[in-house]
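The values are calculated or read from the model by the stated rules, or taken from the named source; none is laboratory data. Bear in mind the structure is a predicted one, so any value in this text is a computation, not a measurement. Cβ sites come from the backbone with ideal geometry, for glycine too, and all protein chains shown count toward neighbours. Please note that ligands, DNA and RNA were not included when accessible areas were found on the heavy atoms of the full protein model with its side chains. Shrake-Rupley method; radii C 1.70, N 1.55, O 1.52, S 1.80 Å.
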Amino acid sequence: MNRLPLCVVAFSGEAQELARALEVLPRGAQWQATVLCSADPELEQLAAAAEVRCLPSLPAASSPGRYWCLVSSALRGAVGRCIVLRVGSVPASGWYRRFPVLAADLVAVFPLSLRHPQTSVFSSTGHSPSLSPEDIDRWLNVYAPGATFDIPFFAGESALIDVERLAAASAADDTALAERVREYGGLILATDNVFIDDREGPPQSLPATTFPAWQTAITRRHPLTGLRHALTELSSRGEVPPATVPQVQSARLHISHSWGGGLGRWVEDFVAADTGHRSFVLRPIGDLTAFGQTLALYSERNLTVPIRTWTLAEPILSTAIAHHEYRQLVASVLDEFAIESVVLSSLIGHAIDILRLELPVIVVCHDFYPFCPPILATWETPCSQCDAARLRDCLQNNPGHRFFQYEQAPHWLALRAAFIRTVVQKNIALVAPSASVAARMHSLVPELREDAIEVIAHGLPQSVLESLTPVAPAPAPQRKLRIVVLGSLEVHKGANLLQAVIEPLAHCATVVLVGSGEGGSAFAGMSHVEIRGGYAREELGALLAAARPDIGLLLSVVPETFSYTLSELHAAGVPVAATAVGAFVDRIRHGDNGWLYEPDADSLLDLLRSLAANPAEIVRVRAMVAATRPRTAAEMVADYERLLPPADGFLPRPLDPDAAQAGTGSPNIKINPEARFPDVFREFWDYVRRKVHNTEKLPRGVTRVLLWLMKVLYR
C-alpha cells in the first residue's frame, strides 16, 4: 500500500494557503500528515485545529535556491520517505496515491507542474492557463505518454522525497544538492502520473550552470513535447475535456455472467452510479455447451464492446474449481488496471480462483448459484435444505435444472464445498438484496456465520426514476379494474397462473400486458386484454402513463430475490398485488403498500374481485405508495462502500488516447478491415448458426426455420 507520510510546507504569512492545503489532505487514520512551517502561531493553530502534527522548524521565509536544503534538514529524523506539498499549489485528485515508489536508490520524484521547465505541461512556463487543475489532469489522461524519466535538477517545491538521503547529501544550495545526489548514485525523477498545479507561483528557470546537452534535451527533445503542444492549444482555446475522458480514480472489477436479465441490469446500474471508481466488467462468452469459452473485459465507457478478450484453451463448462489460464488473465487485469476491489455477481463461466484474490471481494447473492445448479433453489417448492442425496435427485428429476447438462453430481458437490470453504476461510462478505434471500442462504448453507450476509436492497438509476412520474389512474366513471402485468410471461413468472384466471376476469377487469414477450401471444384476441410490445427502459414511464392502471400484478411462482419490476411500479406510484413468495413478502405489507396472495388461481381471483368492488381501498394504498420515496442506485452503491475498506493503493493514470473521440457509438461486431470478405461472411454466419442453435428461449419452430434459411443462403 502506498501510505507514505504527507508533509505540507508553509512559511510565515501563508495561513490562507495552509488552510486550503489542509483541505486536500486525505482523511483516515492510515494517513500520517505533518505541517512543516515557520514558528508562526497562526500556522501552528491551523495545524492543531486540523489535528495534524506540526513541526515549526523552518525560517520565516524560504531562501532562494535553497528550498530543498531547508526542507530536508528540517524533516530529518521526523520522517523517512514522504510526499511534500507546498502550500499555494493545487494537487489533482488522489495526488497522494499517485507517486510511484520505485528503486531503493530513488531520492526524489517530481510531479508535472506549470512553472518549471523540466516538468511543465505547457510549452512555456509563463503560459496563463484557462483550464482548472482537474481539467488539465483529465486531459493528461489522453495525452500523457505514461512516463517516469530522469531529470538533472529538482523541479518545483512539491515532490516525493527520501528525507534521510537528501539530508545526508548536504550542500550549499539545491543545484549542488542535486549534484551530490547524483554523485551518490541517487535518482531524481519526474512522473506524468501526478499533476500539481503551481500557477500561483512565478515561472522558474534552469540553473545557469546547466550543461549544453541537458539544456538541449530539456528544451528540444523533452519526453513531454507532444503533450505540451496539445495542452497549450487546448488551454489557449479554453477547451474542457469531454465526459468520455476519465478521471484518475480507484478501479473496481465486476464479475458477471453474460445472460443479461436483472443481474446484468444491476451491474449496469451499479457501474453508472459508482462515480467514485473506474469500473470494469469481466463476462464470459459461451453457449449451452460451455458458458466460459471466451472471457471479455468491458470498461464503464462501453459495456457492449470489450476492451480485451481471451479465448480459453480449456473452456469452462459451468464454474471451474481451479483454472490456471483464468487465474493468469485475472491477474493481468488486476495489474494493468490497478484493480482495488471486486464485486462478484455470478460465478457462471468463471473459476473459484476469483474468490482467492488478495483483494477485498464482495459476493452478491442475486441467486443461489453455485450452491444450487438450477440457480433458483426451487424444486416444486422453494428449497430450504439440500444435501448430497437431494442434489443427485434434483439433477436427474428437477425440470428447473436445464442449463448445465454435462457435469454430474460429483462436480457440483466439489464446487459447492470449494465455494463454501473459500468464503468462510477468507471471511468474504456476502450481500443479499432481500431478507428472504439471506434467510434461505443461511438455511441452505448452515456453515455461514450468522452475520455473514448483509442485506442491501437494489436501487433505480436517477434517470429511470425521473421517467417514472406517478401514473394517473383511469377516470372514475370507468367500472372495470385496469390491471397492468409488467415483464415477460414465462412459466416461472406466472404464465400458467394468469392463464387460469384470465377468462373469469373478463367481467371485472381489463388486463394490460406490457413487455410480455412471446408469452403474451397466448392472450391475443381477448377483448379484455391489451398487449403492448417490448420496451426500452426509458420508455416504461410513457407506456404506464398510457395504460393508466389501477394496480400492477406480479405473478411469479418462483421466489424472486428482489424484483426490479416491483420497484418500477412503485416508483410510478402504482400499487401492486403480488404472490406471497420470496422478496415480495419482504417488500410488500399486505393492505398497506400493496397486497399479497397465495400463488394459486382462487386466491388471486378472490383478491382481484375484492379490489374491483372496493376502489377506495386502491386509492388508499396508492396514496401510501406515492408517499414512499424510491431508493436510488447511488444510495445502493453507498451502502456497498461501507463493506469495503478505503482504497489506498497506487493510483495509475488511466491513459486513453481515444477517450476524447469516444462516445459517438460503437459497433457490436469488430471486423479486421484487412480481412477477406468471404472469411468475414463465413465467420458471421457461423456465429449466427451457433447463437440460434444454443438459444434456449427461441421457439423450436423459429429455430428450425432460421437454420434452414441459413443453410440455403450459405449453400
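Computed values, structure above
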| read-out | value |
| --- | --- |
| Among residues of the range 115-150, those that are part of a loop (DSSP other than H, G, I, E, B) and out of contact with any helix residue (DSSP H, G or I) (no Cβ under 8 Å at 6 or more places or on another chain), counted | 9 |
| Pairs, first closer than 24 Å to A388 by Cβ and open to solvent by 10 Å² or more (accessible area, probe 1.4 Å) in the range 432-452, second small (G, A, S) and assigned to a loop (DSSP other than H, G, I, E, B), C-beta under 6 Å, six or more apart | S443/S384 |
| So L4, is it under 21 Å from P91 (Cβ atoms), open to solvent by 10 Å² or more (accessible area, probe 1.4 Å) and of a type in the set (A, V, I, L, M) | yes |
| Number of positions in the range 577-591 that are more than 18 Å from A495 (Cβ to Cβ) and either crowded, with 20+ Cβ neighbours inside 10 Å or at pLDDT 95 or above (or both) | 8 |
| Out of D648, D606, sole residue that is of a type in the set (D, E) and assigned to a loop (DSSP other than H, G, I, E, B) | D648 |
| Selection from the range 533-556 of residues that are more than 33 Å from the chain's Cα centre (by Cα) and open to solvent by 60 Å² or more (accessible area, probe 1.4 Å) | A546, R548 |
| Selection count, the range 341-362, where residues are outside any strand (DSSP E or B) and of a type in the set (S, T, Y) | 2 |
| Per-region count, the range 209-229, residues farther than 30 Å from D173 by Cα and open to solvent by 20 Å² or more (accessible area, probe 1.4 Å) | 2 |
| Meets criteria (touching a helix residue (DSSP H, G or I) at 6+ places or on another chain (Cβ under 7 Å), under 30 Å from S205 (Cβ atoms) and either of a type in the set (D, E) or in contact (Cβ under 8 Å) with a residue 40 or more places away in the chain (or both)) for L234 | yes |
| Flag if L644 is in contact with a helix residue (DSSP H, G or I) (Cβ under 7 Å, 6 or more places away or on another chain) and open to solvent by less than 50 Å² (accessible area, probe 1.4 Å) | no |
| Residue within the range 74-96 that is in contact (Cβ under 8 Å) with a residue 12 or more places away in the chain, buried (at least 23 other Cβ atoms within 10 Å of the Cβ), small (G, A, S) and closer than 17 Å to I188 by Cα present | no |
| Selection count, the range 520-538, where residues are more than 24 Å from L607 (Cβ to Cβ) and in contact (Cβ under 8 Å) with a residue 24 or more places away in the chain | 2 |
| Per-region count, the range 185-208, residues open to solvent by 20 Å² or more (accessible area, probe 1.4 Å) and touching a residue at least 24 places away in the same chain (Cβ under 8 Å) | 12 |
| Residue in the range 404-434 that is nearest to F270 (Cα to Cα), counting only those that are more than 28 Å from the chain's Cα centre (by Cα) and in a loop (DSSP other than H, G, I, E, B) | F404 |
| Residue in the range 24-37 that is over 36 Å from the mean Cα position of the chain (by Cα) and open to solvent by less than 50 Å² (accessible area, probe 1.4 Å) present | yes |
| Answer from G582, G591, G552 - the residue that is small (G, A, S), at positive phi and touching a residue at least 40 places away in the same chain (Cβ under 8 Å) | G582 |
| First in the range 628-644 and more than 14 Å from I362 (Cα to Cα), second anywhere and open to solvent by less than 20 Å² (accessible area, probe 1.4 Å) and of a type in the set (S, T, Y), Cβ under 7 Å, 6 or more apart | P630/S567 |
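For (1) assigned to a strand (DSSP E or B); (2) of a type outside the set (G, A, S); (3) out of contact with any Pro (no Cβ under 8 Å at 6 or more places or on another chain); (4) farther than 30 Å from E380 by Cβ, each residue gets a yes or a no:
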{"residue": "S488", "(1), (2), (3), (4)": "no, no, yes, no"}
{"residue": "N496", "(1), (2), (3), (4)": "no, yes, yes, no"}
{"residue": "V511", "(1), (2), (3), (4)": "yes, yes, yes, no"}
{"residue": "G520", "(1), (2), (3), (4)": "no, no, yes, no"}
{"residue": "Y535", "(1), (2), (3), (4)": "no, yes, yes, yes"}
{"residue": "G541", "(1), (2), (3), (4)": "no, no, yes, yes"}
{"residue": "L544", "(1), (2), (3), (4)": "no, yes, yes, yes"}
